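Q: Got a structure for you, questions after.
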Amino acid sequence: MTSAVEQLRRRGILGLGGAPLGNFAAAMDDEQAARTLRRAWERGIRYFDTAPHYGLGLSERRIGAELRYRPRDEFLVSTKVGRLLVPRVPPLDRDDDGFVVPGDLERRWDFSADGVERCLRGSLERLGLDRIDILYAHDPDQAWDGAAREALASLARLRSAGVVSAIGIGTNSTAGLEPLIRAGLVDVIMLANRYSLLEHSALDAVLAPARDAGVAIVAAGVFATGLLSTDQPRPGATYEYRPADAAVIRRTERIASICADHGVPLPAAALAFPLLHPAVAAVAIGMRSPREVDEDLERFNTDIPAGLWRDLVSAGLIPAGAVPAGPTSRSPEEPPDGAAARS
């Protein structure tokens, strides 16, 4: 197990996801981004995830502007390769892939050794760092058949050279991950939207083999792209980036009702749920403001009674296999402002 993965497991951390800092779906200015990152640091957050994809490098630049002057051994940073940024000719007025930034660059799939190294060099320059703790192949399932293995071969060479500490895949899909885990090709997987209070498809397909192989899972998208981010579903709430349908809203309302019976806000349960599984080492969520940092840390540090999980299992809302045998009540622990501990 690499040192970066050991640190994830030792801390059981809440990480800051960098997509909002790349102006995903809505713009923020540099000052708001800086204040958000500073507040996260002040509150004890020490894992920061980003990618060239996020705002065509904007997220990396903003995160780097805050981290490059921090003690390097005090934080973990992950970024991703596979989408190489190249000039767009002619440029667009605005990026066409969900980020509110100028469209002067475009993303080109490239998981070759040369493409991966070029992508990493660009990330290091934007971040202003000399190394990356965790480097993910970003959505290889969306590129072409075999892209994951090609990417991981390139990443393994970088790990051997000491340029990165841990390697893995960042994806929204569970497809094809188990063979890579069992072959020993990954140290860590960032899995978005596939393991939450509403979605359990990764439990047997990914988390079980990861546990057996000692592969760490970073759960992302645990608020289900919005539906689980409030105590009760709001009108127009999104699920899987689309307006939630009536059936999933009803299911969410049932979960929220049981949470309320135990005095637990729904978002707090959503943050805690993935970390019940021994394969899940961290949860990463996007934060857009200092206020969101404070709110998310309060949720993360909420005491979750074991009875909540038992009642959700009894109601058929989460699988029994998601809840370990024995006591599962959790209370906040000590590291800075509680940001770094759920073990």
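The values are calculated or read from the model by the stated rules, or taken from the named source; none is laboratory data. This one's a predicted model, so the numbers in the text were calculated from it and none came from an experiment. In this analysis, Cβ positions are derived from the backbone assuming ideal geometry, glycine residues included, and neighbour counts consider all displayed protein chains. Just so you know, the surface numbers come from the protein's heavy atoms only, side chains and all, with ligands and any DNA or RNA stripped out. Shrake-Rupley method; radii C 1.70, N 1.55, O 1.52, S 1.80 Å.
Q: Between a residue in the range 107-130 that is on the phi > 0 side of the Ramachandran plot and in contact (Cβ under 8 Å) with a residue 24 or more places away in the chain and any residue that is open to solvent by 40 Å² or more (accessible area, probe 1.4 Å) and not small (Gly, Ala, Ser), which pairs come within a Cβ distance under 8 Å, given they are 6 or more apart or on different chains?
A: Taking only residues 6 or more apart or on different chains, the pairs are Gly128/Arg68.
Q: Residue by residue through the range 1-51, note down the ones that are among the β-branched types (Val, Ile, Thr) and at pLDDT 95 or above. Give the steps one after another, and end with the answer.
A: As a first pass, look at the range 1-51 and keep what is among the β-branched types (Val, Ile, Thr): 2, 5, 13, 36, 45, 50.
Those that are among the β-branched types (Val, Ile, Thr) and at pLDDT 95 or above: Thr36, Ile45, Thr50.
Q: Right, next: Take Gly226 and decide whether it is open to solvent by 20 Å² or more (accessible area, probe 1.4 Å) and of a type in the set (Gly, Ala, Ser).
A: On the way: open to solvent by 20 Å² or more (accessible area, probe 1.4 Å): yes; of a type in the set (Gly, Ala, Ser): yes.
So Gly226 fits the description; yes.
Q: Within the range 199-221, can you find the residues that are open to solvent by less than 10 Å² (accessible area, probe 1.4 Å) and over 18 Å from Ala4 (Cβ atoms)? Break it down into steps so the answer makes sense when it comes.
A: Of the range 199-221, the ones open to solvent by less than 10 Å² (accessible area, probe 1.4 Å) are 202, 206-207, 209-210, 215-219.
Passing the criteria: Ala202, Val206, Leu207, Pro209.
Q: I'd like the full set of residues that are buried (at least 17 other Cβ atoms within 10 Å of the Cβ) and either among the acidic types (Asp, Glu) or modelled with pLDDT under 55 (or both), limited to the range 312-336.
A: The answer is Arg330, and nothing else.
Q: Please go through the range 162-181 and pick out each residue that is open to solvent by 50 Å² or more (accessible area, probe 1.4 Å), over 26 Å from Pro233 (Cα atoms) and either part of a helix (DSSP H, G or I) or of a type outside the set (Gly, Ala, Ser) (or both).
A: Answer for the range 162-181, where residues must be open to solvent by 50 Å² or more (accessible area, probe 1.4 Å), over 26 Å from Pro233 (Cα atoms) and either part of a helix (DSSP H, G or I) or of a type outside the set (Gly, Ala, Ser) (or both): Glu178, Pro179.
Q: Cβ-Cβ below 8 Å, separation at least six or inter-chain, first residue in the range 68-88 and open to solvent by less than 60 Å² (accessible area, probe 1.4 Å), second outside any strand (DSSP E or B) and among the β-branched types (Val, Ile, Thr): which pairs?
A: Going by the 8 Å Cβ cut-off, the qualifying pairs are Val77/Thr50; Val77/Ile63; Ser78/Thr50; Thr79/Thr50; Lys80/Thr50; Val81/Val116; Gly82/Val116.
Q: Residues of the range 112-125 being farther than 10 Å from Arg83 by Cβ and either in contact with an Asp or Glu (Cβ under 8 Å, 6 or more places away or on another chain) or assigned to a loop (DSSP other than H, G, I, E, B) (or both), which ones?
A: Of everything in the range 112-125, those that are farther than 10 Å from Arg83 by Cβ and either in contact with an Asp or Glu (Cβ under 8 Å, 6 or more places away or on another chain) or assigned to a loop (DSSP other than H, G, I, E, B) (or both) turn out to be Ser112, Val116, Arg118, Ser123, Leu124.
Q: Name the helices (runs of 4 or more DSSP H) wholly inside the range 182-272 in which the number of residues that are of a type in the set (Asp, Glu) and closer than 21 Å to Gly170 by Cβ is 2 or more.
A: The helices (runs of 4 or more DSSP H) meeting that bar number zero.
Q: All but one of (1) of a type in the set (Lys, Arg); (2) touching a residue at least 60 places away in the same chain (Cβ under 8 Å); (3) closer than 27 Å to Arg39 by Cα; (4) part of a helix (DSSP H, G or I) hold for Arg291; state the number of the condition that does not hold.
A: Checking Arg291 against (1) of a type in the set (Lys, Arg); (2) touching a residue at least 60 places away in the same chain (Cβ under 8 Å); (3) closer than 27 Å to Arg39 by Cα; (4) part of a helix (DSSP H, G or I), the one that fails is (2).
Q: Counting only residues that are more than 26 Å from Ala175 (Cα to Cα) and among the basic types (Lys, Arg), which one in the range 108-155 is surrounded by the fewest Cβ atoms within 10 Å (Cβ to Cβ)?
A: My answer is Arg121.
Q: Every residue in the range 237-248 that is touching a helix residue (DSSP H, G or I) at 6+ places or on another chain (Cβ under 9 Å) and exposed (fewer than 14 other Cβ atoms within 10 Å of the Cβ), please.
A: The answer is Tyr241, Arg242.
Q: Right, next: Go through the range 12-53 and give me each residue that's closer than 14 Å to Ile285 by Cβ, part of a loop (DSSP other than H, G, I, E, B) and open to solvent by 30 Å² or more (accessible area, probe 1.4 Å).
A: Arg43
Q: Is it true that Asp49 is out of contact with any helix residue (DSSP H, G or I) (no Cβ under 8 Å at 6 or more places or on another chain), closer than 17 Å to Ala220 by Cα and among the charged types (D, E, K, R)?
A: yes
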